[in-house]
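See structure below.
The values are calculated or read from the model by the stated rules, or taken from the named source; none is laboratory data. Not measured: the values here are computed from a predicted model. Neighbour counts are summed over all protein chains in view; Cβ atoms, including those assigned to glycine, are modelled from backbone coordinates with ideal geometry. Accessible surface areas use protein heavy atoms only, side chains included; no ligands, DNA or RNA. Shrake-Rupley method; radii C 1.70, N 1.55, O 1.52, S 1.80 Å.
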Amino acid sequence: MAIGEAACVSVHGANRLGSNSLIDLVVFGRAAAKRAAELVKPGTPHEEISEIETQKCIDRFDKIRNAEGDTGTAELRLAMQKTMQSKCAVFRTEKTLKEGVDEIRKTYDGLNSLSVKDKSLIFNTDLVETLEFDNLIRQAVVTVDSAYNRKESRGAHAREDYPKRDDQKFMQHTLAWCDGKETKISYREVHKSTLTNDVQYFPPQERVY
Amino acid sequence: MVQINLPENSQVKKGKYFEDKTGSKNLRKVNVYRWDPSTGENPRIDTYEVDMDNCPSKVLDILNKIKNEIDPTIAYRRSCAHGVCGSCAMNMGGKNGLACTTPHAEIDGDIDIYPLPHLKVKKDLIGDLDGLYKQYQSIEPWLKSKSESKTQEIIQSKEDRAKLDGAYECIMCACCSTSCPSYWWNGDKYLGPAVLLQAYRWIVDSRDEERQARLKKVADELKLYRCHTILNCTSACPKGLNPAKAIAEIKKMLATANI
């Protein structure tokens with residue numbers, strides 16, 4: 001079961017600005033909780049996790065903890081922040097996004113020369129920040145690739161070279177697969193109907209102020 | 001003779017010295033308490049030369065600069081960086097406060113940064129707050145209402161709401177409790193200013209129906225009356241609150257009410 005941003009149930013389409021995700025919490029959080037309560041018997045132990053999965057987590061942890069490269073996490077994180085802020089900000093163009101697509105991969109390559117100085121296992125904030133960076137840089141690669149491929153403006157994605165919304169081509173969710181710095185971009189239809197007949201489907205409208 | 005020295009393994013030694021590598025003319029020395037429980041070594045004071053020409057105004061900025069540019073092994077809590085979350089409470093220049101709201105310009109000479117006083121240290125600047133959270137839990141910091149109705153809101157007048165001002169703003173950073181000598185001495189039993197301020201916050205809430213029980217619960221020689229109005233708490237509070245006054249109010253209620 002997934003709720004919130006992870007579920008992407010088309011309640012708000014591309015627009016997740018402000019506190020719109022509240023509806024995901026309230027409506028789908030409630031629905032998921034009710035369904036979970038039906039399905040799960042109290043006291044049931046968690047399904048056994050396969051050794052391979054556990055080992056994957058430990059391998060990742062150990063690899064990062066023992067990283068002996070020459071680039072500090074803070075340096076790579078700053079490079080990532082600067083790329084995302086200057087090339088993949090709210091207002092974007094083909095040019096900035098293309099530069100971002102290339103630049104963020106250079107930062108991604110920094111994972112190979114990563115250095116974690118603190119090797120301890122108690123309150124190791126150096127390690128935690130590096131694990132965070134490892135998550136974030138993958139997220140950044142996917143974000144900039146998805147934005148580059150979406151040649152329209154929608155919600156917080158404002159392409160100055162494509163100022164209009166293009167429902168013909170892009171009224172769909174981006175699906176992205178991340179394998180290292182390689183990504184595969186695909187799309188999924190947006191739900192255009194409600195679950196009951198109590199309310200009608202609201203078609204998207206232009207945002208005007 | 002009673003031994004009053006610190007045990008051998010608690011004595012703070014001189015640590016590493018990190019010389020400036022930027023060539024800056026505007027340097028400040030920052031002395032930071034370091035301790036890593038996994039090494040078996042004594043605590044030490046590491047000294048960092050920090051380029052102040054490229055450092056924003058708060059003590060937290062100095063720590064971030066050290067962690068990002070000089071020594072990533074240094075450990076401290078921080079989150080919001082805006083004086084709202086209370087994570088970066090520590091002792092700077094001999095005074096408790098939030099690193100994110102304390103300007104380093106207000107500290108003369110070398111900048112000494114220690115964990116909050118008298119807490120068990122987990123690592124470097126990170127104090128163990130488990131005891132404080134247990135005490136917080138003990139005052140049951142939630143609204144208690146016997147009323148049957150669960151669908152209607154409980155109305156509160158503006159005057160009654162105003163009674164919570166100065167109490168609800170507390171962010172539980174522990175600057176006050178860890179500045180209190182009485183809490184240093186009896187921290188296991190005395191609730192301390194932070195928790196008592198919260199106890200007060202629920203005692204005076206007009207919507208709460210267990211005021212009497214709450215008062216009775218704190219009316220204890222150790223839990224409440226270890227406050228000797230030293231007022232370090234009020235002077236330490238980074239949010240400008242007055243825990244000492246709240247404690248005095250509780251004492252006054254107990255002295256004047258029939259419980």
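The set of residues in region B:60-85 that are aliphatic (A, V, I, L, M), within 14 Å of chain A (Cβ to nearest Cβ), over 16 Å from the mean Cα position of the chain (by Cα) and within 21 Å of residue B:116 (Cβ to Cβ) comprises B:63, B:66, B:74, B:75. Within region B:29-49, if we keep just the residues that are over 17 Å from residue B:127 (Cβ atoms) and open to solvent by 60 Å² or more (accessible area, probe 1.4 Å), the residue that is modelled with the highest pLDDT turns out to be B:29.
Listed by position, the helices (runs of 4 or more DSSP H) inside region B:151-259 whose residues that are under 22 Å from residue B:133 (Cα atoms) and touching a residue at least 40 places away in the same chain (Cβ under 8 Å) number at least 1 are B:181-186, B:192-203, B:211-218, B:232-236, B:243-256. What residue, among those in region A:81-127 that are of a type in the set (Lys, Arg) and open to solvent by less than 70 Å² (accessible area, probe 1.4 Å), is farthest from the other protein chains (Cβ to nearest Cβ)? Out of the qualifying residues, it is A:92. Can you find a residue in region B:43-59 that is free of Cβ contacts under 8 Å to residues at least 60 places away in the same chain and within 14 Å of chain A (Cβ to nearest Cβ)? Looking through region B:43-59, at least one residue is free of Cβ contacts under 8 Å to residues at least 60 places away in the same chain and within 14 Å of chain A (Cβ to nearest Cβ). Against the numbered list (1) in contact (Cβ under 8 Å) with a residue 24 or more places away in the chain; (2) more than 26 Å from residue B:128 (Cβ to Cβ); (3) of a type outside the set (Gly, Ala, Ser); (4) touching a Cys at 6+ places or on another chain (Cβ under 8 Å), residue B:65 comes up short only at (1). Here is a list of conditions, (1) more than 23 Å from the chain's Cα centre (by Cα); (2) not in a loop (DSSP other than H, G, I, E, B), and residue A:138 meets all of them except one; can you say which number that is? Condition (1) is where residue A:138 drops out. Scanning region A:52-71 for residues that are free of Cβ contacts under 8 Å to residues at least 24 places away in the same chain and in contact with a strand residue (DSSP E or B) (Cβ under 8 Å, 6 or more places away or on another chain) turns up nothing.
Filter region B:2-28 for residues that are away from chain A (no Cβ under 14 Å) and under 15 Å from residue B:74 (Cβ atoms); which is least open to solvent (accessible area, probe 1.4 Å)? Quick ask: steps written out before the conclusion?
Of region B:2-28, the ones away from chain A (no Cβ under 14 Å) are B:2-15, B:17, B:19-20, B:22-28.
Applying the additional criterion that residues be under 15 Å from residue B:74 (Cβ atoms) yields B:15, B:17.
Numbers: B:15: 28, B:17: 109 Å².
That would be B:15.
Please enumerate the residues belonging to region B:26-50 that are touching a helix residue (DSSP H, G or I) at 6+ places or on another chain (Cβ under 8 Å) and of a type outside the set (A, V, I, L, M, F, W, C). The answer is B:26, B:28, B:42, B:43, B:48. In a residue-by-residue description of region A:88-108, the property of being modelled with pLDDT under 95, more than 30 Å from residue B:35 (Cβ to Cβ) and among the polar types (S, T, N, Q) applies to no position.
Among the conditions (1) open to solvent by less than 20 Å² (accessible area, probe 1.4 Å); (2) not in a helix (DSSP H, G or I), residue B:60 misses just one, which is (2).
Filtering region B:175-194 down to residues that are surrounded by fewer than 24 Cβ atoms within 10 Å (Cβ to Cβ) and small (Gly, Ala, Ser), which residue is farthest from residue B:128 (Cα to Cα)? Step by step, filter region B:175-194, then rank; the result is B:182.
Annotation note: of A:208, A:142, the sole residue that is of a type in the set (A, V, I, L, M), open to solvent by 40 Å² or more (accessible area, probe 1.4 Å) and either farther than 20 Å from residue A:63 by Cα or touching a strand residue (DSSP E or B) at 6+ places or on another chain (Cβ under 9 Å) (or both) is A:208. Just one residue in the set B:219, B:248 is within 24 Å of residue B:161 (Cβ to Cβ) and not charged (D, E, K, R); that residue is B:248. The residue that is farthest from the other protein chains (Cβ to nearest Cβ), counting only those in region A:128-139 that are of a type in the set (A, V, I, L, M, F, W, C) and buried (at least 20 other Cβ atoms within 10 Å of the Cβ), is A:137.
Just one of B:85, B:100 is open to solvent by less than 30 Å² (accessible area, probe 1.4 Å), part of a loop (DSSP other than H, G, I, E, B) and in contact (Cβ under 8 Å) with a residue 24 or more places away in the chain; which is it?
Numbers: B:85 fails: open to solvent by less than 30 Å² (accessible area, probe 1.4 Å).
Answer to the check: B:100.
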